[in-house]
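Novice: Submitted below is the structure of interest, expressed as structure tokens.
The values are calculated or read from the model by the stated rules, or taken from the named source; none is laboratory data. All of these numbers come straight from a predicted model, not from anything done at the bench. Cβ placement follows ideal geometry from the backbone for every residue including glycine, while neighbour counts extend to all protein chains displayed.
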Amino acid sequence: MTTTRSATEWRDFWRDRGERELAALLEELEPYATRIATLLGSRAPHDALAAELGRIRGHELHGPPDAARDAELAARVHRWFESA
């Protein structure tokens, strides 16, 4: 279960290790880590995260849709965030 963090705790986590660890998970989507972190911080559900990854892939990177890949990455990111 995700630990609820205060705003200060969230900023400290993000600065100390969150940004770096999330960037590593996102690989080619790393430039969009802040967008993904915002969703995580707002406790967005897995489906919302997968949809945002799809929007980034399609609109920002102009790549082909890959819903299965986005869903798998969203699951990995959620597992990481819940354990952090």
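Novice: With the requirement that a residue be hydrophobic (A, V, I, L, M, F, W, C) and buried (at least 19 other Cβ atoms within 10 Å of the Cβ), what does the stretch 57-84 give you?
Specialist: Leu73, Ala74, Val77, Phe81
Novice: Turning to a different aspect of this structure: What number of residues within the stretch 40-55 satisfy the criterion of being hydrophobic (A, V, I, L, M, F, W, C) and crowded, with 19+ Cβ neighbours inside 10 Å?
Specialist: Looking only at that region, the number is 4.
Novice: Go through Glu52, Glu72, Glu28 for me and flag whichever is closer than 27 Å to Ala7 by Cβ and either of a type outside the set (S, T, N, Q) or within 9 Å of the chain's Cα centre (by Cα) (or both).
Specialist: Unique residue meeting the criteria: Glu52.
Novice: When you go through Glu19, Glu30 one by one, which is the residue that is under 17 Å from Ala75 (Cα atoms) and not small (Gly, Ala, Ser)?
Specialist: Glu30
Novice: Among Arg43, Arg55, Arg11, which is modelled with pLDDT of 95 or more and of a type outside the set (Ser, Thr, Tyr)?
Specialist: Arg55
Novice: Filter the stretch 1-29 for residues that are surrounded by 14 or more Cβ atoms within 10 Å (Cβ to Cβ) and either of a type outside the set (Asp, Glu) or under 21 Å from Ala68 (Cα atoms) (or both) and give the result.
Specialist: Arg5, Trp10, Phe13, Trp14, Gly18, Leu22, Ala23, Leu25, Leu26, Leu29, listed by residue number.
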